[in-house]
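Asks: Dropping a structure here in structure tokens format, bear with me for questions.
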Amino acid sequence: QVQLVESGGGLVQAGGSLRLSCAASGRTFSSYAMGWFRQAPGKERDIVAAINWSGGNTYYADSVKGRFTISRDNAKNTVYLQMNSLKPEDTAVYYCAADRGSLYVVANTYHYWGQGTQVTVSS
């Protein structure tokens, strides 16, 4: 069983930056693939970025490439999402997710989810 707790969301002006953190419980964090997803009101939950167990393989949605960076610190059981050059369209609830395996980009592949953190980007 893995429990995930996100933090770092908030209100920021367009062009600003935020860093989201997702702290995981459990001793096997280093064996889990991790993902960040986001969901805006009335829309589906979409992949933002994903990372494999070692951090050596990553995936980014086209909409965030070059602006967001996913990373992980297995010693701290934490995955991060550095978000730069934020745009109003990045406004959403951001969720982290975990599951055993290599790297996944589809939401229903993940068994474990955090409660989400709100990111609001004002224009």
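The values are calculated or read from the model by the stated rules, or taken from the named source; none is laboratory data. Only a predicted model underlies this, so the values are computations on that prediction, with no experimental measurement involved. With ideal geometry, Cβ positions are generated from the backbone for all residues, glycine too; neighbour counts draw on all protein chains shown. Ligands, DNA and RNA are stripped out before the accessible areas are found, and what is left, the full protein with its side chains, is counted by its heavy atoms. Shrake-Rupley method; radii C 1.70, N 1.55, O 1.52, S 1.80 Å.
Asks: Quickly run through the stretch 31-42 and pick out the residues that are open to solvent by 50 Å² or more (accessible area, probe 1.4 Å) and either within 14 Å of ARG100 (Cβ to Cβ) or in contact (Cβ under 8 Å) with a residue 40 or more places away in the chain (or both).
Replies: Of everything in the stretch 31-42, just one residue is open to solvent by 50 Å² or more (accessible area, probe 1.4 Å) and either within 14 Å of ARG100 (Cβ to Cβ) or in contact (Cβ under 8 Å) with a residue 40 or more places away in the chain (or both), namely GLN39.
Asks: State the number of residues belonging to the stretch 108-123 that are over 11 Å from the mean Cα position of the chain (by Cα) and open to solvent by 30 Å² or more (accessible area, probe 1.4 Å).
Replies: 9
Asks: Can I ask one more? Go through (1) touching a residue at least 60 places away in the same chain (Cβ under 8 Å); (2) within 12 Å of VAL119 (Cα to Cα); (3) surrounded by fewer than 13 Cβ atoms within 10 Å (Cβ to Cβ) for SER102 and report which single condition fails.
Replies: (2)
Asks: Now, a different point. Checking the structure you have, find out if any residue of the stretch 47-63 is open to solvent by 70 Å² or more (accessible area, probe 1.4 Å), under 19 Å from GLY8 (Cβ atoms) and either at pLDDT 95 or above or out of contact with any strand residue (DSSP E or B) (no Cβ under 6 Å at 6 or more places or on another chain) (or both).
Replies: No, every residue in the stretch 47-63 fails to be open to solvent by 70 Å² or more (accessible area, probe 1.4 Å), under 19 Å from GLY8 (Cβ atoms) and either at pLDDT 95 or above or out of contact with any strand residue (DSSP E or B) (no Cβ under 6 Å at 6 or more places or on another chain) (or both).
Asks: For SER21, are the conditions met, namely being under 12 Å from the mean Cα position of the chain (by Cα), of a type in the set (S, T, N, Q), under 19 Å from GLN118 (Cβ atoms) and open to solvent by less than 50 Å² (accessible area, probe 1.4 Å)?
Replies: In short, yes.
Asks: When you check THR69 against the structure, is it of a type in the set (S, T, N, Q), open to solvent by 50 Å² or more (accessible area, probe 1.4 Å), in contact with a strand residue (DSSP E or B) (Cβ under 8 Å, 6 or more places away or on another chain) and free of Cβ contacts under 8 Å to residues at least 40 places away in the same chain, yes or no?
Replies: yes
Asks: Could you count how many residues in the stretch 84-97 are under 28 Å from SER30 (Cα atoms), buried (at least 19 other Cβ atoms within 10 Å of the Cβ) and more than 10 Å from the chain's Cα centre (by Cα)?
Replies: Summing the residues that are under 28 Å from SER30 (Cα atoms), buried (at least 19 other Cβ atoms within 10 Å of the Cβ) and more than 10 Å from the chain's Cα centre (by Cα) in the stretch 84-97 gives 1.
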